[in-house]
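We did not get these values from a lab; they are worked out from the coordinates using the rules stated. This is a predicted model, so every value here is computed, not measured. FYI the Cβ positions are ideal-geometry reconstructions off the backbone, even for glycines, and counts take in every protein chain you see.
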Amino acid sequence: MAEAFNDLALPAEKADRYAAVAEEIASVLDGEPNRTARMATVASMLANSFEHYFWTGFYVVDPDRPRELVVGPYQGTLGCLRIAFGRGVCGTAAETRQTQLAPDVHAFPGHIACDGASASEVVVPVFDGAGALIAVFDVDATTRAAFDETDAMWLEKILAQAFSSPV
């Protein structure tokens, strides 16, 4: 795997790094049908590709409680175990089915402090091939405004590639 992305690089370099990681992830996942294995691989590969990724992982829609997310595969410190739809950044992404950029998590309405070191977040809803919400992908950083539209766009692309097409 390529070395971790330098957080001080230019935006074009960040996009190039995402493009390379997207290709690496697609190659590793090729032919793997197990969703948990796919999630664990995506979380690991992204966490190890960007130095500013403090917490990287999935909150999965609980099939027994369809308005609740339960922690799934992740890299980082302890995550929240459960998050209700509409609550905090992850719950808002699940509720709205839209990517959420939170440049200052402490200013985000209803923010849930799973780890006090988190300062900014990007959360992307994850859909299966039929368009059903299966999870949200959450990335935290310890600095404010660590994520932008480039991160959101590439994460959406990587997650769609990994989960919305049949294996």
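Given the chain, what percent of its DSSP beta bridges are antiparallel, to the nearest 5?
Here the share of antiparallel DSSP bridges comes out near 95 percent.
So what is the 222 nm mean residue ellipticity for the chain from helices alone, if each DSSP H run of at least 4 adds -39500 (n - 2.57) and you divide by all residues, rounding to the nearest 500 deg cm²/dmol?
-11000 deg cm²/dmol
Under 15 Å from the Cβ of LEU78, count the other residues' Cβ atoms, weight Lys and Arg +1, Asp and Glu -1, and hand me the total.
The answer is -2.
Amide H of PHE127: which non-local residues (sequence gap of 5 or more, or other chain) have their own amide H closer than 5 Å, using H built in the peptide plane?
ILE134
List every residue whose amide H lies under 5 Å from the amide H of ALA119, counting only residues 5 or more places away in sequence or on a different chain, with H placed 1.01 Å from N in the peptide plane.
ALA141, THR142, THR143
For segment 65-80, in order, what is each residue's ³J(HN,Hα) by Karplus, 6.51 cos²θ - 1.76 cosθ + 1.60 with θ = phi - 60°, in whole Hz (x at glycine and Pro)?
9, x, 10, 9, 9, 10, 4, x, x, 7, 10, x, 6, 3, x, 5
When Kirkwood radius over Cα pairs in Å is calculated directly from the model, which label among (1) 17.8; (2) 15.7; (3) 17.2 fits?
Entry (2).
Between beta-carbons, use under 15 Å as the cut-off and find the net charge around VAL28, counting Lys and Arg +1, Asp and Glu -1.
-2
Taking the Cβ of each residue in ARG97, ARG17 as the centre, tally the other Cβ atoms inside 10 Å and list the residues starting with the fewest.
ARG97, ARG17
Pop out the ³J(HN,Hα) list for segment 21-33 in order, Karplus 6.51 cos²θ - 1.76 cosθ + 1.60 with θ = phi - 60°, rounded to Hz; leave Gly and Pro as x.
5, 4, 5, 4, 4, 4, 5, 5, 7, 3, x, 8, x
Would you order GLU121, GLU13 from fewest to most other beta-carbon atoms within 10 Å of each residue's own beta-carbon?
GLU13, GLU121
Starting at the first residue of segment 103-119, write each ³J(HN,Hα) from the Karplus equation 6.51 cos²θ - 1.76 cosθ + 1.60 with θ = phi - 60°, in whole Hz, x for Gly and Pro.
Result, rounded to whole Hz: x, 9, 4, 6, 9, 6, x, x, 3, 9, 8, 5, 9, x, 6, 5, 10.
May I ask you to sort PHE108, PHE147, PHE58 by Cβ crowding, counting other Cβ atoms within 10 Å and putting the fewest first?
Taking fewest neighbouring Cβ atoms as first place, the list is PHE108, PHE147, PHE58.
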